[in-house]
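**Student:** For reference, the structure I am asking about is given below.
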Amino acid sequence: MKSKNIIIIILAILALGCSRMQWAHFYMLDYVPPITKNDVLAEPYPYTIQVKDFKIDKTYDNSRIVIRRSSHEVYYDRWSLWARRPPDAITALIINHIKALNLVQDCKKIFLDQRPDFIITGTIHNIEKYVSDLPINKFQRADIRLSIQMLDVKTNNTVVNYEIKRYAPLYTESMSFFAKTLSDTLKNEITIFLRKVQEYFETLPKKQPAPMQGK
């Protein structure tokens, strides 16, 4: 009888432990480029672009999502993690967007056999969920601030520069909605940046085709 009671107690403890168990959730920065058939270039610009890994402030160089409560208080959500670190995710989003536009002849993260014509890189200054618990001013936001530059490899000059600083209100505590809101912000801002890149390409002299042999 005693052994039966012990088994029942053990099972009850295990059941209680399982009911309190919490699993980590992973969230992604991702979007489908907002491109129509008319946006896709029939002929890409005759250039190559390397998109390097973005730098990121040390506070945010973490798989765990940063929650900010004030100018002086942040913490890392142990149960909410990035499936792909923001520098890697943003690099991949830019490459995918450029390819979807057919903007240039080639765009990738690493060039081994040739030197690219241009390099896109940047810095993530902050990417966080801001939560205010003040009784008279409760709100939540999806905050992101980053800078993006495109450099001409031949001259090492910055030819396109774009600063992003957005504070998007959140209407739910859902972390999925937080990740989607940031993704939508990136979709809109990267679209603007790539328009600036295209405008810059339009200012460059058109490359002449190589002369044919015997001419």
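The values are calculated or read from the model by the stated rules, or taken from the named source; none is laboratory data. Computed from a prediction, not measured in an experiment: that's the story for all the values here. So basically every Cβ, Gly included, is an ideal-geometry build from the backbone, and we count neighbours across all protein chains shown.
**Student:** Kindly indicate the residue of the range 153-183 that is of a type in the set (A, V, I, L, M, F, W, C) and more than 15 Å from PHE139 (Cα to Cα) and also surrounded by the most Cβ atoms within 10 Å (Cβ to Cβ) among those meeting that condition.
**Tutor:** Among those that are of a type in the set (A, V, I, L, M, F, W, C) and more than 15 Å from PHE139 (Cα to Cα), it is LEU182.
**Student:** State yes or no: is ASP77 in contact with a Ser or Thr (Cβ under 7 Å, 6 or more places away or on another chain), acidic (Asp, Glu), in a strand (DSSP E or B) and surrounded by fewer than 16 Cβ atoms within 10 Å (Cβ to Cβ)?
**Tutor:** Taking the combined requirement at face value, the residue does not satisfy it.
**Student:** For LYS99, only one of the following conditions fails: (1) loosely packed, with under 15 Cβ neighbours inside 10 Å; (2) out of contact with any Leu (no Cβ under 9 Å at 6 or more places or on another chain); (3) modelled with pLDDT of 95 or more. What is its number?
**Tutor:** (1)
**Student:** Output the number of residues of the range 148-202 satisfying the condition of being basic (Lys, Arg) and in contact with a helix residue (DSSP H, G or I) (Cβ under 7 Å, 6 or more places away or on another chain).
**Tutor:** Total satisfying the criteria: 1.
**Student:** Looking at ASP143 and the list (1) acidic (Asp, Glu); (2) closer than 17 Å to PHE54 by Cα; (3) part of a strand (DSSP E or B), which single condition is not satisfied?
**Tutor:** Result: ASP143 fails condition (2) only.
**Student:** Taking the condition part of a loop (DSSP other than H, G, I, E, B) and over 12 Å from the mean Cα position of the chain (by Cα), does LEU151 pass?
**Tutor:** no
**Student:** Separate question: Could you list, ordered by first residue, the pairs with Cβ atoms under 6 Å in which the first is in the range 141-153 and touching a residue at least 60 places away in the same chain (Cβ under 8 Å) and the second is among the charged types (D, E, K, R) and in a strand (DSSP E or B), at least 6 apart or interchain?
**Tutor:** Final answer for the pair search is ASP143/GLU128.
**Student:** Another question, if that's okay. Looking only at the range 128-140, filter to residues that are among the hydrophobic types (A, V, I, L, M, F, W, C) and in a strand (DSSP E or B); which one of those is surrounded by the fewest Cβ atoms within 10 Å (Cβ to Cβ)?
**Tutor:** Checked the range 128-140; the qualifying residue surrounded by the fewest Cβ atoms within 10 Å (Cβ to Cβ) is LEU134.
**Student:** Could you check the range 112-127 and list, in sequence order, the residues that are surrounded by fewer than 17 Cβ atoms within 10 Å (Cβ to Cβ) and either closer than 10 Å to PHE54 by Cβ or touching a Lys or Arg at 6+ places or on another chain (Cβ under 7 Å) (or both)?
**Tutor:** THR123
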